[in-house]
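The values are calculated or read from the model by the stated rules, or taken from the named source; none is laboratory data. All figures in this text were calculated on a predicted structure; none of them were measured in a lab. Cβ coordinates were reconstructed from backbone atoms using ideal geometry, including for glycine residues, and neighbour counts include every protein chain displayed. What goes into the accessible areas is simple: the full protein's heavy atoms, side chains included, and nothing from ligands, DNA or RNA. Shrake-Rupley method; radii C 1.70, N 1.55, O 1.52, S 1.80 Å.
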Amino acid sequence: IPETSADLIDTLRSHDIYMGSVYIDEWNQPAFDLAIPFFDQTHSLAGWIIAEISLRSIVERISLAGEKEACIFLIDEQARLIGHKDYSQVLRHQDVQKSLPSPEALQAGADEGFPLVRSYRSYTGENVVGSYVPIKGTAWAVIVEEPEWYAFASFDKLRTVFQLSTLGLILAVLGIGLFFGLSFS
């Protein structure tokens, strides 16, 4: 647990939860400190509980539909990779800049108040559909990426079913038309 800082005390006095910066702990894993304030009857800061939170254990517990195809990772305020399902990428300090939206796209997403969803070429070189979601109360963000082929698989299936249905309907109308045309002539 790091030394008590003025920033921690100021944050707790304002009745907010303190989240420290990400650091590498003694087991060479990204972690951060989380402090929760306690107040007395006069609403003055009486104390706090502080805990070291391992980002690796949090990210490992996240599950997604289509988990084999999807990739989820966490970045900090300097756009450094601090959490990933494949922890070796965090240890290698994998550069994920190619997966980050442009500042203009970020501003447009912030104005709408929704996650920023777009298609792009990921830092892995694969065409993906990705979602960028800032985490409230921090300067961090979560990015979820799915390969385009997987993300659009249901649309492709629907298009194929629609095309086959249309072809079947055309053939049925043509067959009925030929049947009645030949029977009347």
In segment 120-136, what residues are modelled with pLDDT of 85 or more and in a loop (DSSP other than H, G, I, E, B)? Ser122, Tyr123, Thr124, Gly125, Glu126
Per the filter on segment 137-185, residues assigned to a loop (DSSP other than H, G, I, E, B), touching a residue at least 12 places away in the same chain (Cβ under 8 Å) and of a type in the set (Ser, Thr, Tyr) are Thr138
Filter segment 81-100 down to residues that are modelled with pLDDT of 85 or more and charged (D, E, K, R) and give me whichever is least open to solvent (accessible area, probe 1.4 Å). Asp95
Residue count for segment 149-172, restricted to those that are modelled with pLDDT under 90 and either open to solvent by less than 50 Å² (accessible area, probe 1.4 Å) or closer than 30 Å to Asp76 by Cβ (or both): 3
Residues being in contact (Cβ under 8 Å) with a residue 12 or more places away in the chain and not aliphatic (A, V, I, L, M) - total across segment 1-15: 4
Failed condition for Val117, given (1) aliphatic (A, V, I, L, M); (2) more than 30 Å from Gly20 (Cα to Cα); (3) outside any helix (DSSP H, G or I): (2)
